[in-house]
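These notes concern the structure reproduced below.
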Amino acid sequence: MASSELRENLEVEEMFLTRGLKSLLPNVLRRIIRYNRLSISNTSGMAEGYKQANVVILPKSLADDFEKFCHANDGPLPLLYRSKPGDWKCPSLSSDSDIRTDCLQYRIYEHGACTGSLKSLKEYSQQLKDMVTFYIGCSFSFEKAFQNAGIPIRNVEQKCNVSMYKTDVPCCTISTFCCNLVVTMRPIPESKVGAAVLSTSELKEAHGAPVHIGDPGLLGIQDLSKPNYGDPVRLHPGDIPVFWACGVTGVEAVVNSRPPLAFTHSPGCMFITDLKNDNATVTSSREVPQVHCISQSPLHYSIVSAEAAQKIKTLETLIGIDPGDRGIIHLLRQDELLKACLSMSHAQSVLITTGFPTHFTHEPPEENDGPPGALAIAAMLQALEKEVAIVTDQRAMNLNKKIIEEAVQIGILKKPIPLLSYQRESADSALTFLCENGNPGKPRFDHLVAIERAGMAADGNYYNARKVNIKHLVDPIDELFLAAQTIPGVTTTGVGDGGNELGMGKVKDAVKKHIKNGDVIACDVEADFTIVAGVSNWGGYAIACALYILNTCEIHDRYLRKAVGFPQLSKRTIWLSALPSVAKEDKLLKTLVRHGVRSGKTASLEMEVDGLPFYTTHSLMIEKLLQEVQQ
């Protein structure tokens, strides 16, 4: 070794001993790594505040396709720099680097198989002349932002690498590059989850906001103690597992594309750049993320922008007016509309039920509050490409079949909805109906919605608002909601306007206290989310509008697709056409009248709200909801 190089080494060692890894400048750390003077296993916690990078080195013939793959999956693969063939430097990222020597450890892949680990790539200098290096952002870069927000970094505390897991989430395929998403998991105290999301959301080159918060099983991860890469990191009591997209996704893509020769960093052994990871500033409520828990079993949180959340809260306020002063204002629960719709937004298959046989002496006995709202929800779910079905009373199957057929003809639904009925035949009937072969691990539906559906009271009967028992007209669909409480991953929503509807058990104490005849008629069956509206149809319209708001929210869209693939906002026109409207409502109400369905709120014909006839107010409500959506 030349005397100048030896002197430089000694200076580096002295600096390392006196200052520590956290505070050393990147160029100094690269020199330490280059001369193999470190015995550590990863670069987490090093060069605080500077960007670190994953590394993928591929034959130049594959470079264009891999760059497209990065752009198509920019959550896990935020591309910082692409080199020219044979270029070992990256001048826009660092002043004096050499990619052959400046990672702690490398891996070599031959035809998709990892054939070894290396401290240096210098022996492959000839082959590297025909290869291109990709530098991809890394979550180690946001560790300083964590510290500034008072968030503990558990893997640094435990002196180990981060945990990295393969998921069952497919990335967007480009040519031969295809793989599932890889994520890192960081344990975050529950009280700090919101801060963790906020502090990373604008750091796009460090993977941005999390892609999942909660139960790892929802990503297909079976055991947190067995990461595919890195080390297991222990959760402290009260910690929530939070998952970020990971650049090791690029390694998986290399494995699956099977190039004759490729190199990557060894997971956790990043390239340290000279670029500071300056904290981004959020300029509007559209960019501020909010975190909401939407399920406890399994634990699941969702993310939405503050702007979208506020719009949905406004919808909730609009529908909460109380025509006739029946006392429903005392039943209102804040943010139930938002949480219910976040849950539905994540669902793949939704089961809807409606039907309240108020007119028990007529045929049909149904009222027209409920079906329009149910179909408005179904129309938006169809537009969002979710599976939808309706379950109703056996006696009302023909009526509902005709209504659904005409809803397709007049343009409310884009296609017919499967129509189901439920009867109790055994103790396991509800479980068998909701799950494949009655297996709670294989539910057919993720979410159940009841809107203006007669609900079972504490005595096992069903009552209209006048305390008349209508049990003989009601099939026991409540049992599905009770069974759903025992099935992990199935959530429920109840929409009502009087407290005797299915799902209103969550507010039954308020119903008994504030609603006329509430001590008798109050529904005893709870839903996870209870949406109270002046008219139940309004609740259905609000759900449709809220689902539109959520899916046009960039922050929520990214979280839904786990930051892989492209934004779904191009489908906005289709979603817009599925929203409820006064014209659709008018056509559907005429259809219901033609089939003998009567109004359930006969007193409302004489009622005024804010000085306007009730049905004028009904049309205005739809218009107000749409105005809020389109602002």
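Data for the structure
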{"item": "For residue 240, distant residues with modelled amide H under 5 Å away", "result": "188, 190"}
{"item": "log10 of Debye I(q)/I(0), alpha-carbon scatterers only, for the stretch 254-394 at 0.08, 0.11, 0.20 Å⁻¹", "result": "-0.45, -0.71, -1.32"}
{"item": "Simple Cβ-charge dipole of the stretch 165-259, Lys/Arg +1 and Asp/Glu -1, about Cα centre, in debye nearest 20", "result": "160"}
{"item": "Nearest-20 debye value, the chain charge dipole, Cβ charges on Lys, Arg, Asp, Glu", "result": "1040"}
{"item": "Rg/Rg_globular for the stretch 333-413, with Rg_globular taken as 2.2 N^0.38 Å and Rg from C-alpha atoms", "result": "1.20"}
{"item": "Selection of trypsin sites (Lys or Arg not before Pro), the stretch 371-442, meeting DSSP coil and at most 15 other Cβ within 10 Å", "result": "414, 424"}
{"item": "Once the Cα gyration tensor of the chain is diagonalised, semi-axes √(5λ) in Å", "result": "57, 23, 21"}
{"item": "Rounded to whole Hz, the Karplus (6.51, -1.76, 1.60) HN-Hα couplings of the stretch 481-496, x for glycine and proline", "result": "6, 5, 5, 4, 5, 9, 10, x, x, 10, 10, 9, 10, x, 10, x"}
{"item": "Packing-based order for 406-413, 489-496, using average beta carbon neighbours within 10 Å, highest first", "result": "489-496, 406-413"}
{"item": "Phi to ³J(HN,Hα) by Karplus 6.51 cos²θ - 1.76 cosθ + 1.60 over the stretch 398-412, Hz, x for Gly, Pro", "result": "5, 4, 5, 4, 5, 5, 5, 4, 6, 5, 6, 4, 8, x, 6"}
{"item": "Folded to 0 to 90 degrees: helix 306-319 orientation relative to the chain principal axis, Cα", "result": "0"}
{"item": "Binned Cα-Cα distance frequencies in the stretch 327-479 - 5 Å width, integer %", "result": "2, 8, 16, 20, 20, 17, 12, 4, 0"}
{"item": "Cβ-defined net charge surrounding residue 505, 15 Å radius [Lys, Arg +1; Asp, Glu -1]", "result": "-4"}
{"item": "Under the Debye formula (equal points on every Cα, no solvent term), log10 I(q)/I(0) of the stretch 83-175 at q = 0.15, 0.23 Å⁻¹", "result": "-0.91, -1.27"}
{"item": "For the chain, with +1 on Lys and Arg beta carbons and -1 on Asp and Glu, the positive-most of 592, 503, 36 along the dipole", "result": "36"}
{"item": "Share of pairwise Cα separations in the stretch 536-592, more than 13 Å, in percent", "result": "67"}
{"item": "Cα gyration tensor of the stretch 168-282 - equivalent ellipsoid semi-axes, whole Å, descending", "result": "25, 19, 14"}
{"item": "For the stretch 406-453 versus the stretch 206-244, the gap between their alpha-carbon centres in whole angstrom", "result": "33"}
{"item": "Difference of contour (0.36 nm per residue) and Cα-Cα distance, residue 224 to residue 89", "result": "44.9 nm"}
{"item": "For the stretch 65-82, 3J(HN,Hα) per residue [Karplus equation, 6.51 cos²θ - 1.76 cosθ + 1.60, θ = phi - 60°, Hz, x = Gly/Pro]", "result": "5, 5, 4, 4, 4, 4, 5, 7, 9, 6, x, x, 10, x, 7, 8, 6, 10"}
{"item": "For residue 290, distant residues with modelled amide H under 5 Å away", "result": "304, 305, 306"}
{"item": "Built amide H within the under 5 Å cut-off of residue 447, gap 5+", "result": "349, 351, 491"}
{"item": "Within the chain, helix-based [θ] at 222 nm, where runs of 4 or more DSSP H residues each add -39,500 (n - 2.57), nearest 500", "result": "-9500 deg cm²/dmol"}
{"item": "Heavy atoms of residue 104 accessible to a 1.4 Å probe, total area in Å² rounded to 10", "result": "10"}
{"item": "Pairs beyond 19 Å (Cα-Cα), from 51/562; 166/192; 442/506; 84/129", "result": "51/562; 166/192; 442/506"}
{"item": "Mean-position separation - Cα centroids, the stretch 157-183 and the stretch 340-394, in angstrom", "result": "38"}
{"item": "Highest to lowest packing among 499-509, 458-468, scored as the average C-beta count within 10 Å", "result": "499-509, 458-468"}
{"item": "Chain lengthening between residue 554 and residue 428 when straightened (0.36 nm per residue, less Cα-Cα)", "result": "41.2 nm"}
{"item": "Rounded accessible area of residue 397 (nearest 10 Å², 1.4 Å probe)", "result": "40"}
{"item": "FRET E, pair residue 363, residue 471, Förster distance 22 Å, beta-carbon r, rounded to 0.05", "result": "0.80"}
{"item": "Cα-based equivalent ellipsoid of the stretch 433-476: semi-axis lengths in Å, sorted from largest, via gyration tensor", "result": "29, 11, 8"}
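The values are calculated or read from the model by the stated rules, or taken from the named source; none is laboratory data. All figures in this text were calculated on a predicted structure; none of them were measured in a lab. Here the Cβ is made from the backbone with ideal geometry for all residues, glycine too, and neighbour counts use every protein chain on show. All accessible areas refer to the heavy atoms of the entire protein, side chains included, with ligands and DNA or RNA removed. Shrake-Rupley method; radii C 1.70, N 1.55, O 1.52, S 1.80 Å.
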